[in-house]
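Single-structure report; data block below.
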Amino acid sequence: MVIQLPGSLTGSIDETLAGERLTPKEIVRELDKYIVGQRAAKRAVAIALRNRWRRQQLPPELREEIAPKNIIMIGPTGVGKTEIARRLAKLTRSPFLKIEASKFTEVGYVGRDVESMVRDLTEIAVKLVRDEKSKLNRETAERNARERILDILLPDSRRPAARPAFVSTPPTEFPTEELPTETREKLGRWLDEGKLDEREIEIDVKEQSFPSFEIFTPQGVEEMGVNVKDMLPGLFGGRSKRKKVRLGDAREIIVQEEAEKLVDQQNVAREAIERVEQSGIVFLDEIDKIAGRQHASHGPDVSREGVQRDLLPIVEGTTVNTKYGMVKTDHILFIAAGAFHVAKPSDLIPELQGRFPIRVELESLTEDDFVRILHEPKNALTMQYSALLGTEGVELKFADDAVREVARYAAIVNDKTENIGARRLHTILERLLDELSFDASDMPGQQITIDAAYVQRVLAETVKDEDLSRYVL
């Protein structure tokens, strides 16, 4: 849940971490709105988040000495590991990056270097800050855009014979005998009332196409891409093209351009770096895939320990060069996760284990958990499907016995085949509502109630046939 905080952002650490003023109990309550169960994991992330706020209250000399308490989440897929981290980031408006640890290779192998995660996180933070600044300047940007559009419609409003620059036929009631200022005012009223939205005008639109090639350098693909764009701005989206656009669409394009003009890009970069350093969250998924197993002598095992050693300085604290400036990773919160079916957390190199002092085990989901997942969260699946079909004029309701039956089938299929946790509910509900979703456009005004009998009729045979359920559900 994104918490709307009062006031505007000033870039200070105190306001950047405003969401972290929430107490651990309040954080857990917010997470409970979207994630069922997993109390231990929620408590761990809530404490880690609160410790950030506590650190900010300390004197500077002591503040720098306190390292973040990184977390390893241990649990099967589909139990909420990623969702907990993602909701935590939204709660605090923190820059958040989810990345699979198995994507990285050690130096000397072809693949992504570990420092690229910091560059990616910085890019996310820049976009986050830029969007926030643009929203703050939205009102001014809309006023400027309105004036620009009127300038397009009346290229020279100071001339008595000024005529609008419409591509299509102008309104029949367009005032031809009035003074330019009166014409501009009337056009402005029509523009505000939306009467001109369907008209076409010509505007300059920046091209957003990017050549699809990569250049590998010791600094990484990302940094070389930056240099090429600086040297060849016309090749990388610097050109603009004149296009005919609906005025309603053109207005939003021009508003965005005006909002960008009002944003100080240097301040954006400075605030983004500050936010990454003090409130960034990196979610390292599948960390068990790089846990080295003893006596392994083939396959990708060769580089697993090397990836861990490359990760170590990032997690411990180092400085990474990005196109926005140097970024320190000392206080970025790292949340690692993995199923650890084969490897164990103790298979990680000791130095890396020491940088993840908090370990929490997430529980497998039961049938009762599935019932709660279908009912309780703010974004419950049953509510999502009802809202989707509501757009077709179909009122969809799920009876309690139907929810229980769906949960029962999800538990059965997870037990008989691969256990994919709550993700199984998605596949089962898609199968359950397949026919209804296909025909919904022909059923406006109807009310449909899904009950246990309907669930059994659609799913019973598929669930009973283990081979079929393995491929269908």
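The values are calculated or read from the model by the stated rules, or taken from the named source; none is laboratory data. Small disclaimer: the values here were computed from a predicted structure and weren't measured. Here the Cβ positions follow ideal geometry from the backbone for every residue, glycine too, while neighbour counts run over all protein chains shown. Just the protein is used for accessible areas: all its heavy atoms, side chains included, with ligands, DNA and RNA removed. Shrake-Rupley method; radii C 1.70, N 1.55, O 1.52, S 1.80 Å.
Worth a mention:
- For segment 314-336, the set of residues classified as part of a loop (DSSP other than H, G, I, E, B), within 18 Å of Leu352 (Cα to Cα) and of a type outside the set (D, E, K, R) consists of Gly317, Thr318, Thr329, His331, Ile332, listed by residue number.
- Of the residues Thr176, Thr169, Thr181, Thr217, the single one that is β-branched (Val, Ile, Thr), in a helix (DSSP H, G or I) and modelled with pLDDT under 75 is Thr181.
- Checking Glu65, Glu115 one by one, the residue that is closer than 29 Å to Ile290 by Cβ, open to solvent by 40 Å² or more (accessible area, probe 1.4 Å) and acidic (Asp, Glu) is Glu115 and no other.
- Residue within segment 285-296 that is assigned to a helix (DSSP H, G or I), of a type in the set (Lys, Arg) and modelled with pLDDT under 75 present: no
- Selection from segment 45-58 of residues that are open to solvent by 10 Å² or more (accessible area, probe 1.4 Å) and either under 19 Å from Phe334 (Cα atoms) or of a type in the set (Gly, Ala, Ser) (or both): Ile47, Arg50, Asn51, Arg52, Trp53, Arg54, Arg55, Gln56
- Pairing each residue of segment 307-331 that is more than 15 Å from Val126 (Cβ to Cβ) with any residue that is among the basic types (Lys, Arg) and part of a loop (DSSP other than H, G, I, E, B), provided the two are 6+ apart or on different chains, yields C-beta distances under 7 Å for Val315/Arg355; Glu316/Arg355.
For (1) out of contact with any Lys or Arg (no Cβ under 8 Å at 6 or more places or on another chain); (2) among the charged types (D, E, K, R), each residue gets a yes or a no:
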residue: Ser364; (1), (2): yes, no
residue: Gly393; (1), (2): yes, no
residue: Tyr409; (1), (2): yes, no
residue: Asp415; (1), (2): yes, yes
residue: Ala422; (1), (2): yes, no
residue: Asp439; (1), (2): yes, yes
residue: Ala452; (1), (2): no, no
residue: Val458; (1), (2): no, no
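- Within segment 65-115, considering residues that are within 15 Å of Ala337 (Cα to Cα) and of a type in the set (S, T, N, Q), the one modelled with the lowest pLDDT: Ser102
- Positions within segment 337-348 being assigned to a loop (DSSP other than H, G, I, E, B) and charged (D, E, K, R), in sequence order: Lys344
- Residue pairs whose Cβ atoms lie under 8 Å apart, sitting 6 or more positions apart in sequence or on different chains, and linking a residue in segment 12-30 that is under 20 Å from Glu277 (Cα atoms) and outside any loop (DSSP other than H, G, I, E, B) to a partner that is of a type in the set (Gly, Ala, Ser) and at pLDDT 75 or above, are Thr16/Ser279; Gly19/Ser94; Glu20/Ser279.
- Members of segment 311-348 that are open to solvent by less than 60 Å² (accessible area, probe 1.4 Å), in contact with a strand residue (DSSP E or B) (Cβ under 8 Å, 6 or more places away or on another chain) and not hydrophobic (A, V, I, L, M, F, W, C): Gly317, Thr318, Thr329, Gly338, Pro345
- Wholly enclosed helices (runs of 4 or more DSSP H) of segment 349-436 bearing at least 1 residues over 17 Å from Val463 (Cα atoms) and open to solvent by less than 10 Å² (accessible area, probe 1.4 Å): 350-354, 367-375
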